[in-house]
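I have placed the structure first, in the form of C-alpha cells, so that the comments after it can refer back to it.
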Amino acid sequence: MNQYDSDRIYDLAANIGFNKANTKTEADCFVLNTCHIREKATEKVYHEIGRLKKSFRKNNKPLVIVSGCVAQAESDEMIKREPYIDMVIGPQSYHKIGDLILTHQRDKNKFNETNFEVIEKFDELEKIPISQKKISSYLTIQEGCDKFCNFCVVPYTRGPEYSRPFKQIIDEAKILVSKGAREITLLGQNVNAYNFSENKKKYKLSSLIRELNDFKNLKRIRYTTSHPRDMSMDLIECYKDCEKLMPFLHLPIQSGSDKILKSMNRKHDRKYYLDVIEKLKKANNNIKFSSDFIIGYPGETEKDHKDTIDIIKKVGFINSYSFIFSPRPGTPAANKKVEDLEKNKERLKNLQNILENNQLKNNKKYLNQLCEVLVENKLSDQNKYFGRTKFMTPVKFYLNNFKKGELINVKINSFNRNSLFGIYTINKNEKAA
Ligand code: SAM
Ligand code: SF4
C-alpha cells in the first residue's frame, strides 16, 4: 500500500510542478514514506534524515517531509526531535501535500497533518492525473482495520475500515488499463472486508472482481491482504468462474496454535482456516497459498511452535513472510512479557528452513515445463526480461521480440528458491502452468 501511496504522492507533487530527481543531491524535496508495522521504523527515519543532512551539508537544505504510519504515530514529536523535518503527514492526509508544500514555500511554516480524512483523501486523489504506467499496477480499494489483533498498529495508524466507492475504483481501474496495466492488484489492509453500499445495492470484493473480469484488455486480477474471517462464499466462488482471478492467495494465519491465535485476538482458529483452504481448493484445485507468520508471540511454547510447523506442512504454502514478534507501543500485546530472543531466532530459522524448502520444491516442479508469464519489463543489467507466473513467482527469461504486457509461455530451464529462469517458446500446443 505504501507503494501505491508513494506513486500518488509523486502525482500530487507533479501536479504542482515537481519532477522526479535523477540523483539524491539534485533533489530539493524529500518525502520519506514510512511503515510502522515493526519496531525500529522510527529510528530508521532519523538515520535516513541524518544521512540527508550529511549529503546536503554544503548545499541548500531540501524540504523534508515524513509521511506514512510513522508520521501518524509520532506526530509532532518528530519535528521536536529533528528540526530538519519540515512536515509530518499521516497516511490519510497526504492528499494535502501539494497545498502544504506551496504554503511552506511561501511562509516557511512547519506542518503536522495527521487527521483521519480518508473520504476526502480519495475524492481529492480522483482529481489528480495518474502518471504510473505499469504493466502490473496497484489499486487501493479499502483502508484501515476494525479487527484489532492484539499485536498490530494498523487500526491506530490507518484508522477504522473504509471502503472506496465502487464506481471510483472502477474508473481508476479503467485509467490504469488505458495506461497499459494488464494486471491489477486490489489493495487493502483487509481487502476482503471491502463493503460499499449505494442506492440499496451492496458491493463486495467479489463485485469488483467480477466487474474487472469483464475488462477486455486486463489479463490478471489479484488482491491483497485478506483476513481468513472475510473469505466469504461469494468471494470463494470467484475462483470458479473468473478466469482472470489468479489462483494464488496470500492468506495470513500468523500462528498454527489455537491458544496463540486466541491470545492474538485473530478471530479465527486452525480449523476455521483449514476449512477456508478446503473451500478454496474445491473452487479451484490449482490454487496455491502464502501466509504471514509471527514467531515468539508472548506465551508461545515449543508445542505452539510445532502447531505452526504442522499447519505449514498441511497447507504447503509456496511462499511466506515470517517475523519475530515486535512489541508495538499502544497495542494490547506491547506490555506482555517477550519470549527469549535466542529461542525465537532459532524458531524463526527452523520455520524459514521449512518454508524455503517448500518454495524450492515448488519451483523445481516447473523444470522443463512451460510456464505462463506476464511480461512486465526488460531487466536493465542483463539481456533478459522479467515477468511473473500465475503464482507470483518471478521469472527471468530470454525473448526475441519485446512483448511487454503479453502473456507468453516460457520454457523453464533452471530455478533457485526465489525465481525461475527460461526462454520464450512459441509452442502453443503444450498447456502452460
Ligand atoms: N490484515 C492482514 C491480516 O490480518 O492478515 C495483515 C496485514 S499486517 C499490516 C501485515 C503483517 O505484518 C501481518 O500479517 C503480521 O504478520 C505482521 N505484523 C503485524 N504486526 C506485527 C508485530 N507487532 N510483530 C511482528 N509482525 C507483525
Ligand atoms: Fe492488523 Fe490485519 Fe489484524 Fe487488522 S486484521 S489488526 S491489519 S493484522
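The values are calculated or read from the model by the stated rules, or taken from the named source; none is laboratory data. The structure displayed is predicted, hence computed values, not measured ones. Counting neighbours? That spans all protein chains shown, and the Cβs are built from the backbone with ideal geometry, glycine included. Remember, those area values only see protein heavy atoms, side chains included, never the ligands or the DNA or RNA. Shrake-Rupley method; radii C 1.70, N 1.55, O 1.52, S 1.80 Å.
Residues in the range 123-159 that are out of contact with any Pro (no Cβ under 8 Å at 6 or more places or on another chain) and either without any contact (Cβ under 8 Å) to a residue 24 or more places away in the chain or assigned to a helix (DSSP H, G or I) (or both) were compared, and the one that is most open to solvent (accessible area, probe 1.4 Å) is Lys127. If you go through the range 359-396 and keep only what is of a type in the set (Val, Ile, Thr) and open to solvent by less than 10 Å² (accessible area, probe 1.4 Å), you end up with Val373, Val375, Thr389, Val395. Any residue at all in the range 341-358 that's among the aliphatic types (A, V, I, L, M), modelled with pLDDT of 95 or more, open to solvent by less than 50 Å² (accessible area, probe 1.4 Å) and away from ligand 1 (no atom under 14 Å from the Cβ)? Yes, the range 341-358 contains a residue that is among the aliphatic types (A, V, I, L, M), modelled with pLDDT of 95 or more, open to solvent by less than 50 Å² (accessible area, probe 1.4 Å) and away from ligand 1 (no atom under 14 Å from the Cβ). If the condition is being over 21 Å from Gln359 (Cβ atoms) and either surrounded by fewer than 17 Cβ atoms within 10 Å (Cβ to Cβ) or hydroxyl-bearing (Ser, Thr, Tyr) (or both), then the range 285-305 contributes Tyr297, Gly299, Thr301, Glu302, Lys303. All conditions in (1) among the polar types (S, T, N, Q); (2) within 16 Å of ligand 1 (Cβ to nearest atom); (3) outside any loop (DSSP other than H, G, I, E, B); (4) out of contact with any strand residue (DSSP E or B) (no Cβ under 7 Å at 6 or more places or on another chain) hold for Thr185, with the sole exception of (4). Counting only residues that are within 16 Å of ligand 2 (Cβ to nearest atom), in contact with a helix residue (DSSP H, G or I) (Cβ under 6 Å, 6 or more places away or on another chain) and open to solvent by less than 30 Å² (accessible area, probe 1.4 Å), the range 310-327 holds 2 of them. Lys121 - would you say it is touching a Ser or Thr at 6+ places or on another chain (Cβ under 9 Å) and charged (D, E, K, R)? For Lys121, the condition - touching a Ser or Thr at 6+ places or on another chain (Cβ under 9 Å) and charged (D, E, K, R) - is met. Across the range 160-194, which residue is surrounded by the most Cβ atoms within 10 Å (Cβ to Cβ) among those that are of a type in the set (Phe, Trp, Tyr) and within 16 Å of ligand 2 (Cβ to nearest atom)? Ranking the candidates gives Tyr194 first.
Where helices (runs of 4 or more DSSP H) fall entirely within the range 1-113, those with at least 3 residues that are in contact with an Asp or Glu (Cβ under 9 Å, 6 or more places away or on another chain) and surrounded by 15 or more Cβ atoms within 10 Å (Cβ to Cβ) are at 41-55, 97-107.
Every residue, every condition in (1) away from ligand 2 (no atom under 16 Å from the Cβ); (2) touching a Pro at 6+ places or on another chain (Cβ under 7 Å); (3) acidic (Asp, Glu), yes or no:
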site	(1), (2), (3)
Gln254	no, no, no
Leu261	no, no, no
Asp275	yes, no, yes
Glu278	yes, no, yes
Ser291	no, yes, no
